[in-house]
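The values are calculated or read from the model by the stated rules, or taken from the named source; none is laboratory data. As the structure is a prediction and not an experimental result, all values here were calculated from the model. Heads up, the Cβs are rebuilt from the backbone with ideal geometry, glycines too, and the neighbour counts pull from every protein chain shown. Surface areas here come from the heavy atoms of the whole protein model, side chains and all, with no ligands, DNA or RNA. Shrake-Rupley method; radii C 1.70, N 1.55, O 1.52, S 1.80 Å.
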Amino acid sequence: MPANKSGATGAVRPVEIPETATTNSSHAAPSSAAAPEASPNGGDEAAKEAEEREELRLFIHELGEKIESKRLLRQQNANIELPGEEFFARLDSSLKKNTAFVKKLKMFTTTQLEPLLRELSALNLSKYISEICAALAEAKLKMNDVPSVVMLSSRLHATYVDFDTHFLEAWQKVLNIKAEKISNPSKLRVDLRLFAELISSGVIQMKPGLALLGMVLVQLIGQDKDGHNNFSIILSFCRHCGEEYAGLVPQKMQQLALKYGVEVPKSDFLAADKQANLRTMLKGYFKALCKHVLAEQTELMNMTKNIRRTMECKGEISSEKREKCEMMQASFDKLLASAQTLSELLAEPLPELAKESECCSPGTVIDNMLDSAACGVLDPWGDEETRAFYTDLPDLRQFLPDFSAPKVDLETMEEPSELTEEAIDANLDAEMDIDDPPSTNSDPPSENIAEDQPPPSTPPLLATTGSSANDLKPQKMCSALMELGRQQLQSQPQTTAQTQQQIRQQFDIFLVNLFNCVNKELIDSAAIEFLLNFNTKHQRKKLTRTIFSVQRTRLDILPYLSRFMAIVHMCNTDVAADLSELLRKEFKWHIRKKNQLNIESKLKIVRFIGEQVKFGLFKKFDALGCLKMLLRDFQHHQIEMACAFVEVTGVYLYNCRDSRLLMNVFLDQMLRLKMATAMDSRHAAQIESVYYLVKPPESSKRESAPRPVIHEYIRHLIFEELCKQNVERCIKMLRRINWLDPDTSGYAIKCLSKAFLLRFPLIRCLADLVSGLSSYQPRAVTIVIDNVFEDIRAGLEIHSPRMAQRRIAMAKYLGEMYNYKLVESTHILNTLYSIISLGVSTDQSVVSPLDPPDSLFRLKLACMLLDTCGPYFTSQATRKKLDYFLVFFQHYYWFKKSHPVFCRENASSADLFPILVDHTYRDCLSAVRPKLKLYTSLEQAKESIDQLQERLFPHLKSHASDPNLTSINENSELDEGPTDEDSGSSNDQRERQAAGLEPEQSNECTENETDVPLGPPPPPEWSKEDLDFEQQYERMTTDSYQERLKEPVKATAKDIPVPMMARLQKKSYEQISAGQISKVVSCPDLPPRSPAPDLPEGSGKAPPVNAGGAGNAAGPSAAAGGGAAAVPFVLMVRGNRGGKQQFKSFVCASDSHLAINLKVQEQKIREEKEKVKRLTLNITERIEEEDYQESLLPPQHRNFTQSYYQKPNRHKFKHQKGAPDADLIFH
């Protein structure tokens, strides 16, 4: 070791930094008389230069010593002389000491080096070399232990011949890095440096050692170019071993050496080309690291943006996001510092980082958000007078006798570290008693003396000042009062004759006069008088209770009482603390009470809290908690309390930097609650008033261009005034506008064409309005009708779900136009055919963009148009045309329903097809054609279309073969009679609908008028018997009605019995189906759907059918071809008022869910009965088998194995209730 030190000292002598120039300059500076006086900048540069030279000298000295010591150790390990057998024979070879030595190596530290070297010189470890190597390679070392391990390994290498071979094998096991993530990177970091030191020291042979080291470095770098989890290991290797293996010298030292002309020593361990290879690999890793740093910074900036957005929306940051941001910021800072270190070693520049990275910490983000939200200087007061009232308070502490309480600054009251909504929610759920009690440590030490003091010789100040106090200036008044107090204290004797009763009376007078202080000067004078004359603990408690119990209607005095408390609080903190505690408890009591009483008391409490907040006596955190509590149940009195609180202190909290964002969140929440809740108009006006009081709307808003007055009038008539009662008035008003003006008429036509802007029930009224205008403005009505057709056509050509409501409204509008005789049935049928054919692809492999397979909107559109105007197709020709359309409509329905989108392999179409659409379809067809037999499959619908074409096309082809055939008129040869367009005017149709006639009744009347134009039938002649019968019937009904009135009203039974008629008529599903099938009559000559008169609603009777043999024979075929059989049901409902049962009959298709469920239920009941029957038969057979087996047994065994079923069933006497049981008593 001494040789190493001497060698190192000799090695660093050639690279010492010359300081001749510095010395000469320092000596020459004072000798020059003409030289100017040294400037401060020159002195700083000289000091900096000296510091740099010293730093460079120390670095070169340490580097030279390290290189020289490694060179000497490597030379020593290369020229070793191994001892002979005689040397090992003298050493101790005991098992106990050798195993103990190996165990110590596993727990090696630097402090154990000397004892281990002494033990090594005394032990023979020839048989434990492999254990020693494994212990040293697997030991958990620190960076400081590496030189000691190298020294110990060198000693072992010089003693035992096979130590280097076993040591290399042990390191191969330890440094065997797999592709998976490293489990212990800290140990690998130390092991890699130790292994490199052992190679450079010559303990491990250079060639195999460098091969293993290179393989480890390649694996570490190769598998870590994405995650950079091994960056700390690589950086540690570069810092400790980079100079020897890659020639790495810090860039700063290279620049200083170049600046001062000094050569940096270099190690001769590896050749320059091998160092260049490792340096190239490290530079490639550094480039990937730079990309990783930029990605991490981008992620951190994104989180910063999210935090900023959260602050803008909620006014707070959750603790989870804050902790996550802090962890990400710390990780990025550590990564950036390590990257800068590697950049310094490799002399490679780091990429330029974004400037936002400097302000990525969450605290800085919050501060910046608050600064940006402040929008300049925040002024919570608004004017100087208000600021002076709440902030300029007279400080009487220096004038009070024997005052030693600490100074209390209202501006620096303790507030929570974070004003967040989470903290407020946590505080709201806490108990009332967890708050700190009022402090009593600030009482003056001369309290007992003050209690015994006599009252002043002069009357109380409030009684003497009067109105003249308004003319005194506060400063002069305070000075005079202080001087008066000193004189009174000096002139008073130590013992007074005044009693405590007199002091109490004077204080009572003071409390009474306190509520008359309605200006700033009077309340300041009252506070001074209290502090001078009544400042005792008992009187402070009484003052607190008195101020707290101020009259609920005296809201004007609350600011002055709060100022009084603020002045007293500067000298005695317990008064304001007690008052705040009482206000908080009273507020929470009112919230928990949840009654709608004492609104004035509630408003007084919240206003008092608001005034206390502005004086700094009530914490902002607690005040925002009170507002949050009110917003939890925002209704009734709590709305008024919240509005009163915001009115008093909302501007102050909104303009304070620490509570601005959270107050903004609560204000927005109030406005959202007002929009989402149906509340009284008075409450809504209060909320808007306080909201815009705190956040006044911006004045610079772009105003929309005003419409002309005539346009506003037209919109008012159509979109606001139009209703069922004033259609005629709107017609008269619209007739008076100037229809010759293109602008006015064009705007009126535009409004009349937009039925989707009205409420849905008013579309009929709009059609009525257009119908009334058709007699006076036919051209305008024609344009409106054209616009409606164009709008419907555009809706079919543009498949957009956003236009769904508009398309439904326009279809309804078109149907109402037909009802009011504005359009013909041909146009309606053309529109219906367009709905089910325009852009529709009948090939399932071709997807139409206008009618996708999963879109069922056209079905709804057609059903809406049919529901609106279908019942009014009354003439025979139009009914026949509509019947033809219904065939194609059912085909379109089954085409949609049977598409693979709604039919899967393991599910039926009925399960996947929307049930609401199915019900809409069935209800529509039952309303248009109540007796129409619906198709049950797509094939049946196609077959009906083929039959229809076969019946119609031959008739047309016979005419088409005639060469003299002219063009076909719009009304085809099928129009045998006049259509409904020729049967009356539009006014007749409007009168018909205004009369409230049902569509079925109007259908019958119209059919009679069009088909059989006969006069009204003569009235029947009444005979004498008919008149007598009529009189007797009226007398009987009157008597029955009077008897029913006398009967008492019975309570409605909860269990409604099933009527006998329903029980007798109840049949099974097979019986119902069989009965229906037997009643079907085959009609081959009629079209698929022939019109029939409708049944009255609720009649409950089946239509008359032929029950003969022919009908029964043709029933199954007709049911299979024409649709599913109908199943009648009886629905029992309860009446509205009297509770009387009512029965309604309705017919349901056999393939409906109700009929299917009935069939399944009956099948389950039948299976259950069969199961019970089988069990009963099996039990009987088993009993017979047991009897037979028993008969085969010997007689002595029969009594013990007697069956339970064969025991005689004795009749046991049953006593009456309460009588004793004789069997239990005597047996």
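Overview of values
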read-out: Residue in the stretch 841-869 that is farthest from K812 (Cα to Cα), counting only those that are acidic (D, E) and exposed (fewer than 14 other Cβ atoms within 10 Å of the Cβ); value: D843
read-out: Residues of the stretch 1155-1167 satisfying the condition of being exposed (fewer than 13 other Cβ atoms within 10 Å of the Cβ) and either of a type in the set (F, W, Y) or within 20 Å of F913 (Cβ to Cβ) (or both); value: N1157, V1160
read-out: Failed item in (1) touching a residue at least 40 places away in the same chain (Cβ under 8 Å); (2) crowded, with 21+ Cβ neighbours inside 10 Å; (3) among the acidic types (D, E), with E797 passing the rest; value: (2)
read-out: So V646, is it crowded, with 24+ Cβ neighbours inside 10 Å, more than 13 Å from M670 (Cα to Cα) and touching a helix residue (DSSP H, G or I) at 6+ places or on another chain (Cβ under 9 Å); value: no
read-out: Counted residues, the stretch 381-400 - those being loosely packed, with under 14 Cβ neighbours inside 10 Å, modelled with pLDDT under 85 and farther than 18 Å from E647 by Cα; value: 2
read-out: First in the stretch 183-198 and more than 18 Å from F167 (Cβ to Cβ), second anywhere and among the hydrophobic types (A, V, I, L, M, F, W, C), Cβ under 7 Å, 6 or more apart; value: P185/I233; R189/I233
read-out: Residue list for the stretch 875-891, filter: open to solvent by 10 Å² or more (accessible area, probe 1.4 Å) and hydroxyl-bearing (S, T, Y); value: Y884
read-out: Pairs where the first residue, in the stretch 319-337, is under 18 Å from P351 (Cα atoms) and the second is open to solvent by less than 30 Å² (accessible area, probe 1.4 Å), C-beta under 6 Å, 6+ apart; value: F332/L300
read-out: Every residue from the stretch 673-698 that is free of Cβ contacts under 8 Å to residues at least 12 places away in the same chain and open to solvent by 30 Å² or more (accessible area, probe 1.4 Å); value: M675, A676, A678, D680, S681, R682, A685, Y692, P696, P697, E698
read-out: The stretch 253-286 - residue that is small (G, A, S) and either touching a Pro at 6+ places or on another chain (Cβ under 9 Å) or outside any helix (DSSP H, G or I) (or both) and, of those, most open to solvent (accessible area, probe 1.4 Å); value: G261
read-out: Subset of the stretch 47-71 [aliphatic (A, V, I, L, M) and either open to solvent by 40 Å² or more (accessible area, probe 1.4 Å) or within 60 Å of the chain's Cα centre (by Cα) (or both)]; value: A47, A50, L58
read-out: Selection count where residues are open to solvent by 40 Å² or more (accessible area, probe 1.4 Å) and in a loop (DSSP other than H, G, I, E, B), scope the stretch 95-109; value: 2
read-out: In the stretch 736-784, the residues that are open to solvent by 20 Å² or more (accessible area, probe 1.4 Å), of a type in the set (G, A, S) and under 13 Å from E816 (Cα atoms); value: none
read-out: Breaking point among (1) closer than 30 Å to L769 by Cα; (2) part of a loop (DSSP other than H, G, I, E, B), for M679; value: (1)
read-out: Extreme residue, farthest from P147 (Cα to Cα), among residues of the stretch 80-132 that are in contact (Cβ under 8 Å) with a residue 60 or more places away in the chain and aliphatic (A, V, I, L, M); value: L82
read-out: Qualifying helices (runs of 4 or more DSSP H) (wholly inside the stretch 569-634; at least 1 residues being open to solvent by less than 10 Å² (accessible area, probe 1.4 Å), under 24 Å from P380 (Cα atoms) and touching a residue at least 60 places away in the same chain (Cβ under 8 Å)); value: 620-632
read-out: Members of the stretch 806-829 that are free of Cβ contacts under 8 Å to residues at least 40 places away in the same chain and either under 48 Å from the mean Cα position of the chain (by Cα) or outside any helix (DSSP H, G or I) (or both); value: V823
read-out: Which listed residue, of I233, I199, is modelled with pLDDT of 85 or more, in contact with a Leu (Cβ under 6 Å, 6 or more places away or on another chain) and β-branched (V, I, T); value: I233
read-out: Residue match in the stretch 75-90 (condition: touching a Lys or Arg at 6+ places or on another chain (Cβ under 9 Å) and surrounded by 12 or more Cβ atoms within 10 Å (Cβ to Cβ)); value: no
read-out: Residue that is farthest from I639 (Cα to Cα), among those in the stretch 695-713 that are at pLDDT 90 or above and aliphatic (A, V, I, L, M); value: I710
read-out: Which listed residue, of A644, A684, is under 18 Å from I609 (Cα atoms) and aliphatic (A, V, I, L, M); value: A644
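Let's see how each residue does on (1) assigned to a loop (DSSP other than H, G, I, E, B); (2) more than 26 Å from Y818 (Cβ to Cβ); (3) out of contact with any Cys (no Cβ under 7 Å at 6 or more places or on another chain):
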site: P853; (1), (2), (3): yes, yes, yes
site: L861; (1), (2), (3): no, no, yes
site: H891; (1), (2), (3): no, no, yes
site: C903; (1), (2), (3): yes, yes, yes
site: D918; (1), (2), (3): no, yes, yes
site: Y935; (1), (2), (3): yes, yes, yes
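Here's the yes/no breakdown for (1) modelled with pLDDT under 85; (2) surrounded by fewer than 22 Cβ atoms within 10 Å (Cβ to Cβ); (3) not polar (S, T, N, Q):
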site: F195; (1), (2), (3): no, no, yes
site: I204; (1), (2), (3): no, no, yes
site: L210; (1), (2), (3): no, yes, yes
site: L220; (1), (2), (3): yes, yes, yes
